[in-house]
Amino acid sequence: MSNSKLVSYTGLSPNHSGRRVCQISRITPHAVVGQLSVESICNCFKDRSKQASCNYAIGADGRLGLCVDEANRSWCSLSRDNDQRAVTI
């Protein structure tokens, strides 16, 4: 697994379950309300009390941010099964 080369900002979150146990086979989009930068989105997921994260964030200007390495399972969709198999955005 490798992270996208389109990433322009990396702000890694501690909110993940470590290495995936399944191959990536899907993409799960998740909405963020507001016109936020990738820096703001990734920084939001650095707070352990939020217990949420995603692999990638797309800022209001279209830039791509990396919040959780693709090799790791993010906490995005509230479904362990889904998050083990999905790149979450």
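The values are calculated or read from the model by the stated rules, or taken from the named source; none is laboratory data. Not measured: the values here are computed from a predicted model. Cβ atoms come from the backbone with ideal geometry, glycine included; neighbour counts cover every protein chain shown.
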Self-check item: Residue that is surrounded by the fewest Cβ atoms within 10 Å (Cβ to Cβ), among those in region 48-75 that are of a type in the set (Gly, Ala, Ser) and within 17 Å of ARG19 (Cβ to Cβ)
Solution: ALA71
Self-check item: Subset tally (residues that are closer than 18 Å to ARG80 by Cβ, modelled with pLDDT of 95 or more and of a type in the set (S, T, N, Q)) for region 24-54
Solution: 3
Self-check item: Residues (of a type in the set (A, V, I, L, M, F, W, C) and part of a helix (DSSP H, G or I)) located in region 15-71
Solution: VAL38, ILE41, CYS42, CYS44
Quiz item: Residue check, SER77 against (1) in contact with a strand residue (DSSP E or B) (Cβ under 6 Å, 6 or more places away or on another chain); (2) outside any loop (DSSP other than H, G, I, E, B); (3) of a type outside the set (Phe, Trp, Tyr), all met but one. Which one?
Solution: (2)
Quiz prompt | Subset of region 55-79 [of a type in the set (Lys, Arg) and either in contact with a Lys or Arg (Cβ under 6 Å, 6 or more places away or on another chain) or at pLDDT below 95 (or both)] | solution = ARG73
